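Reviewing the structure listed below.
The values are calculated or read from the model by the stated rules, or taken from the named source; none is laboratory data. No experiment lies behind these values; they were computed from the predicted model shown. Note that each Cβ is placed from the backbone with ideal geometry, even for glycine, and that neighbours are counted across all protein chains shown.
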């Protein structure tokens, strides 16, 4: 009877450990999926130049990045939409690439506000 009780105890302990390990693995999977999605920052500015797959923007301050207003070049994730041209006021989204460089993931004509 003592052996049966000991075996039952060992079984319960090992089963509990496996369940906890499975939960930890699941939690880590969820965390990595959440951190894999890029953080996006919204900006507003004026297109000053276009060269290849890059655009020069004179943008307003981007408070979520602690950036003041400035003019700078950004690579585009996708080609610049055909309807956009130099001088247009735009709304854009920035995200960091895997190389930790900022790129424009979305750019569109700014609606009249």
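So the values come out like this:
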quantity	calculated
Failed condition for residue 100, given (1) at pLDDT below 95; (2) at negative phi	(2)
Flag if residue 90 is in contact with a strand residue (DSSP E or B) (Cβ under 9 Å, 6 or more places away or on another chain) and part of a strand (DSSP E or B)	yes
Test result for residue 84, surrounded by 14 or more Cβ atoms within 10 Å (Cβ to Cβ), in a strand (DSSP E or B) and modelled with pLDDT of 95 or more	no
Residue match in the stretch 37-53 (condition: surrounded by fewer than 10 Cβ atoms within 10 Å (Cβ to Cβ) and either more than 30 Å from residue 102 (Cβ to Cβ) or at pLDDT 90 or above (or both))	yes
